[in-house]
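Throughout, read-outs are computed from the coordinates displayed, never taken from laboratory work. None of the values given here were measured: they were computed from a predicted structure. Note: ideal-geometry Cβ built from the backbone for every residue, glycine included; neighbour counts use all protein chains shown.
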Amino acid sequence: MIDRFKDGLLTRTETAACLGIPQSTLDTWLKDKAAGAPLVHQVQPVRKGQPSVPFIAVAEAHVLRSLLSLGLATNRIRGAATLLRNAFDTPYGLVSRRILTEGLDILVEHGRGDLRGARDSRAATIGQALSDCFRSLIWQPCDDYPWSLRLRRYPDSVPVVIDPRFGHGLPVVAANRVPVKAITDLWQAGETAEDIAYDYGMAPGQVDALCHAAVRHGRIKRTWP
């Protein structure tokens with residue numbers, strides 16, 4: 001069983017690609033600190049070039065990406081992390097389940113003066129955006145920290161997750177745990193959506209939607225007509 005906190009799951013490059021953020025941004029978060037701990041945690045890799053980003057840190061980077069996309073400045077992001085970690089008394093406050101019941105108000109109030117267009121009339125909209133962010137984190141009952149992360153870059157018709165228990169931590173289709181790369185590699189090589197769907201118990205439309213999303217986000221390039 002992979003430890004969500006102590007075992008490297010992805011490399012920095014893989015983490016940045018999965019979340020759709022520049023690696024330079026991720027590297028800054030790995031070095032920066034809030035409440036005495038890195039904004040995004042990392043572990044010592046087993047060997048040079050091996051994964052150093054544990055699952056819990058992938059989840060942290062997902063939350064920070066959402067704050068960044070709302071227009072929160074770097075110092076405000078650091079401040080938000082500090083507030084949540086102190087409020088919940090854990091260095092993993094950014095991804096504590098308590099954020100769903102207590103943390104949203106803390107974040108909205110903290111960022112009210114800095115978020116793009118964040119007047120009082122838009123507080124509900126900001127809160128909704130943050131709520132959507134945290135709904136992408138998936139918890140198990142009686143566990144304060146998430147076990148998987150849904151990647152919203154992929155369509156609702158074929159949910160894709162990062163789950164440390166499957167696919168070596170790389171994105172997998174939630175329904176069948178098949179790595180996204182296994183499907184897109186076949187599609188890119190010229191296999192039909194119908195054949196791929198038959199092999200993996202999917203609908204052809206799901207295969208098409210998944211692969212076109214991968215193309216749209218630059219994960220693959222289709223090299224055949």
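From the list THR82, THR101, THR90, THR11, exactly one residue is among the β-branched types (Val, Ile, Thr) and farther than 26 Å from CYS142 by Cα. Which is it? Among THR82, THR101, THR90, THR11, only THR11 is among the β-branched types (Val, Ile, Thr) and farther than 26 Å from CYS142 by Cα.
For the range 1-49, which residues satisfy the criterion of being among the hydrophobic types (A, V, I, L, M, F, W, C) and closer than 18 Å to ASN75 by Cα? Matches in the range 1-49: LEU26, TRP29, LEU30, ALA34, ALA35, ALA37, LEU39, VAL40.
One residue stands out among those in the range 78-101 that are farther than 13 Å from VAL40 by Cα and of a type in the set (Lys, Arg): the one that is surrounded by the most Cβ atoms within 10 Å (Cβ to Cβ), which is ARG97. Scanning the range 6-52 for residues that are out of contact with any strand residue (DSSP E or B) (no Cβ under 8 Å at 6 or more places or on another chain) and polar (S, T, N, Q) returns THR13, GLN23, SER24, THR25, THR28, GLN44, GLN50, SER52.
Mind checking which pairs have a first residue in the range 46-75 that is among the charged types (D, E, K, R) and a second that is assigned to a loop (DSSP other than H, G, I, E, B) and surrounded by 24 or more Cβ atoms within 10 Å (Cβ to Cβ), Cβ under 7 Å, 6 or more apart or different chains? Taking only residues 6 or more apart or on different chains, the pairs are GLU60/VAL40.
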